[in-house]
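Visitor: I have a structure I would like to understand better, so I am pasting it below and will then ask my questions one at a time.
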Amino acid sequence: MRSEPRNPANTSGLWSVIRRGIDVIHDLFVTAIEQSTPLLKVLLAIYGATAILAIVLPIVFIVIGDPSYALISLRWILALLVVVLVATPIIVTRLYRGTEIWGRLVPVQPLPDKIVQDLRTRLKQVRLEAVECIRSYHPATRLSEANLRAHMMLPYYLDPPKGVACELRMQEELQLGMEGYEDRDFRFHPNLGVSGRVFVIGMPKIVRVTTNEERDADDVPIDDYGILTSQRSKVPANLQWIISIPIRRPADDSNFSTLGVLSIHGMDQGFPRKTLEAVVGRIFPTVYLIVSQLCQHLVRVSTAWEPRT
Amino acid sequence: MIAQPMFVYEVRLSDHILDEISFSRLSAADWDLLRAANLPLVDRIFDETKDVETRQAEHDDGARQAERELAQMYFKGDEIEQDYGATACR
């Protein structure tokens, strides 16, 4: 049951404002009751009756002036009125939040120190596996862990920038080999930057530094990913490639949902696509271990509600 | 600042990627962690990976099949992209 919208043009002045306020409270309560459990409906009915008494009884006192009429003292009725005035907005906002249209499980903020240290250990493991994999394809390479950077970007929901639900950030403990680089404090909105895009679509991506002539047909210029000019200027000159992999949790029987993004940066030396793709497969079991650890520290957040109609 | 162009492409699972995936390198502690988390296909991969030596010799065994299924499920991507933008404004 939803009340029909009222035409504000039918009223004017102070009464219009009061009437509008009453309409809003009425509509909110009607919708709140519609969405409540039977027990809550009973409690709401009791609360409603109390609220009416709290408003009516003082009027009775004022008009009749006979405290015995209401069986209780004026002081108690005024206290009841205060309780009702305070409780009304709380009940309305708690019970009626509209229909959730966006919500998901995310890593808690901040992650416990123990899990952060565990994740850092896994990140080191990933970096080592990447080196071993590349060496297996290119035995002559001098690549070592010192040539690779790695980091994990996780969504931060507590104070997101306006216009987005969250922001991808990398805390210092979840960075390897990034000391002294200007891009260590990068943050990305979902869908912006390679990490932001991987976060949204849940598919791994590889970045390669190459010439226009050597690019492949499906290569997309990184500038199309919404990288800011200020960020582009901070990318280290010796960066050669990036592998970004989504960290995903099971969502249902056959689907996963993204929790964050893990990236490995290759410095100084470039490698063919096939080699870099092989790294994706080689590190996957360790990424799945990271999933198993993050899954123990999830919390549900809801940041978008469909407006009341 | 990097001077050369940078290009991005989306990785699609191919045999050479799938061939690199092997849970047989995990330690006993890693397995405990994975199994405790009750993640999809972990038990099946674990059961098929009991004899690691045999498994590595037999390239196309049950464990490898389960690993491939897991990777294909994991890297399937989101069919409908999550909306983190306008409707999620505060």
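Visitor: Going by average Cβ density within 10 Å per residue, which order do the peptides A:222-228, A:239-245 take, highest to lowest? Display every interim value, and only then the final one.
Guide: Numbers: A:222-228: 15.4, A:239-245: 23.3.
Taking the mean over residues of other Cβ atoms within 10 Å, the ranking is A:239-245, A:222-228.
Visitor: Still on this model: For labels at B:MET73 and A:THR50 in the simple 7 Å Cα→Cβ model, what's the distance in nm?
Guide: 4.9
Visitor: Per-residue mean of other chain beta-carbon atoms within 10 angstrom of the beta-carbon, peptide A:198-211?
Guide: 5
Visitor: Within the range A:226-241, which residues have the backbone N less than 11 Å from the label spot 7 Å out from B:GLN4 along Cα→beta-carbon, could you tell me?
Guide: Answer for the range A:226-241: A:238-241.
Visitor: In the neighborhood of A:LEU276, defined by Cβ-to-Cβ distances under 12 Å, what is the net charge if each Lys or Arg adds +1 and each Asp or Glu adds -1?
Guide: Within the 12 Å Cβ shell, the charges total +3.
Just so you know, all these numbers are worked out from the coordinates, no wet-lab data involved. All figures in this text were calculated on a predicted structure; none of them were measured in a lab. Note that we place each Cβ from the backbone using ideal geometry, even for glycine, and neighbour counts take in every protein chain shown.
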